[in-house]
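Below you'll find the structure, written out as structure tokens, and then a few comments.
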Amino acid sequence: MTYQSPDDRRSWPRPAHGTAAGAAIDLGLRQYMLRVYNFMAAGLGLTGLVAYAAVATGFYQQIAGTPLIWVVMLAPLGAVLFLSFRIERMSAGAAQATFWGYAALMGLSLAGIFLLYTGASVARVFFISAATFAAMSLYGYATRRDLSRFGSFLFMGLIGIVLASLVNIFIGSSALQFAVSVIGVLVFTGLTAWDTQRIKEVYLASDPADLLTRKALMGALALYLDFVNLFVMLLQLAGQRRQ
């Protein structure tokens, strides 16, 4: 699980309703957010296709018992760190290519869920995750309440989840895994609203189109990670394992 550290927060100076400037900003914002959601949705679609194909072709099963599986599991982390630190110096095309590569690697690393859980439960949890994500993202977009004060709390919760998950790799406690999953659902639900508001505020920066594309990609990456982690946590709680 990876998450971007927060940018400095700025309140949104809303122009007067009905003015030409206000209409232009609202239209530009809608187009920008649509670009973010389109990137995110396309990334999730690619992840799902790669995960399914990896299991259907038997590729994932072939590498599951080899050291190569660690490369598969750690590669998405390397890709997201590379994208996070290098995106400001990358062209829009290179940034998009890295994003699609990351989504594909994530699909390969998540392919095992099709072997652990029934297809029906995976589909059910996916739609539950999608509904939860949509509701919280809409709240983050529409609310005038400043959510920035929750950022530090959510980030600390995220660090705790990561550390607890690492510890549980060695101790294998089902109780700890359950606690991590419950807290993870709460944290990533909150992060969805917080990230959406933060992405909305980023639009205020008057950047050229190329930079706006890269910022849209970073926004899509943040929401993508929120959704994927929310889905995984809910699957661990409500997914039906294969016999």
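Quick notes on this one:
- Within region 99-120, restricting attention to residues that are part of a helix (DSSP H, G or I) and in contact with a Lys or Arg (Cβ under 8 Å, 6 or more places away or on another chain), the residue that is surrounded by the fewest Cβ atoms within 10 Å (Cβ to Cβ) is 115.
- Answer from 80, 71 - the residue that is surrounded by fewer than 17 Cβ atoms within 10 Å (Cβ to Cβ), under 22 Å from residue 224 (Cα atoms), at pLDDT below 85 and among the aliphatic types (A, V, I, L, M): 71
- Note on region 127-142: residues that are over 18 Å from residue 238 (Cβ atoms), touching a residue at least 24 places away in the same chain (Cβ under 8 Å) and of a type in the set (Gly, Ala, Ser) amount to 2.
- Residue 149 assigned to a helix (DSSP H, G or I), free of Cβ contacts under 8 Å to residues at least 40 places away in the same chain and of a type in the set (Lys, Arg): yes
- Near pairs, Cβ below 6 angstrom, 6+ apart or cross-chain, from region 100-119 (under 13 Å from residue 45 (Cβ atoms) and in contact (Cβ under 8 Å) with a residue 24 or more places away in the chain) to any residue that is in a helix (DSSP H, G or I) and among the polar types (S, T, N, Q): 103/47; 106/47; 107/47
- Close Cβ contacts (under 6 Å, 6 or more residues apart or on different chains) running from residues in region 69-94 that are over 21 Å from residue 223 (Cα atoms) to residues that are of a type in the set (Gly, Ala, Ser) and in a helix (DSSP H, G or I) comprise 72/109.
The values are calculated or read from the model by the stated rules, or taken from the named source; none is laboratory data. Being a predicted model, the structure only gives us computed values, none of them experimental. Ideal geometry is used to build each Cβ from the backbone, glycine not excepted, and the neighbour counts take in all protein chains shown.
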